[in-house]
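The structure under discussion appears below in the form of structure tokens.
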Amino acid sequence: MKKGIDKGLLKFYLYTDLVFLLVYSFGEFFAYPETFISRIINSVFLVAYLTILNYILFEKILRLFTWPFKNNGRAFFFLFIAVLFYTFGLYGWRQLWIAFGAYIDYTPQLSFLKGVVVHSQFSIACFIFFAIVRNIYNNIRLREKNSQLIIEKKEAELNYLKAQTNPHFLFNTLNNIYSLARDKSDLAPESILRLSKILRFMLYETGGDFITIDEELKIITDYIALEKLRYDDSILVTLNTDIENSKQLLPPLLLIPLVENAFKHGASETRNKPFVAIQLTVKQQQLLFTVKNSTEETTDAHEVKENIGLSNLRRQLLLLYKDYHLSVEYENAVFVSTLSINLTSNV
């Protein structure tokens, strides 16, 4: 399939053509003020010719070369032809327009070879200018492509982490419902209804990059209600908030892993007075989220092991924010998870 002309590249050559003409005209104005206009018209003919030639050289001929320099005979042949066009060809192009009366010859006394040499200097200046600008242009485009690739990689990884987190969350919730169903609890139908509500929210409200803190709190509240069905009145759950702006945006489901972790790996393993205490503070775009939960006291050193939910959360934070801190600590039979985020530090 034939590739079309790159319009962006075509614009680049046209703009570079114009810039070179302006730079060259600046020198012409001071050197030949009396004949400045007609000399610029002459230059337009020469630069137009050289622009087309530069495009062919940089975009077609030089791309034929391969490294190491083997089997490059065809490329060297076309390069030799290009050199002829830069030298004799440019002089011939000039003579053509002189014959039409559109080009004023200010050096009629020059011999053919001397004329070729003089105008070859113009070709070299134009070639060097185009080569420098083309190199800068290539570097800019390469940086843009690299930046785009980094963004795409980040988005792909975030989507992968979300794809891992949601099934993990669903799996744990279904386990809870299974426990109720196995015990033939009358609360099983209500738990299924609450789960469907959560799933509906996750399906329709969390598809974008951000949701409001209000919406995040809604899913946390629904999840707590679902968990409380399983524990009945045997667990004490508190949720306190101090939020300056409830419409402040957050990535969806960012806080839920800490709440889920408190129930699954803390309160569920506590036999005596289990509790989960949640505090969310958002002031001056500084978020502080603290989740405390009971666990069984032990005389051994309690090693905090991060499950898939916490590991994914840590990775998401790294991709999303520059200024954040996440810690999970154990002390006196209590797990404390603390997350602080500067919400203005989006990556």
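Its residue count N fixes a reference of 2.2 N^0.38 Å for the range 7-146, and the Cα radius of gyration divided by that reference is 1.17. Rounded to 0.05, the FRET efficiency of the K273 and I136 pair, given R0 = 45 Å and the Cβ-Cβ distance, is 0.05. Length gained on full extension, V117 to A99: 4.5 nm, using 0.36 nm per residue less the C-alpha separation. Ranked for footprinting exposure by Cβ neighbours inside 10 Å, fewest first, H325, H265 give H325, H265. Dipole check for the range 7-146: with +1 at the C-beta of Lys and Arg, -1 at the C-beta of Asp and Glu, and the Cα centre as origin, the magnitude is about 720 Debye. Taking the Cα centre of the range 220-266 as reference, the dipole from Cβ charges on Lys and Arg (+1) and Asp and Glu (-1) amounts to some 120 debye. The stretch between K283 and N72 holds 69.3 nm of extra length on full extension. This uses 0.36 nm per residue minus the Cα-Cα distance.
Laboratory data are not the source of any read-out in this text; all were calculated from the coordinates shown. If you're wondering where the values come from, they're calculated on a predicted model, not measured in any experiment. Note: ideal-geometry Cβ built from the backbone for every residue, glycine included; neighbour counts use all protein chains shown.
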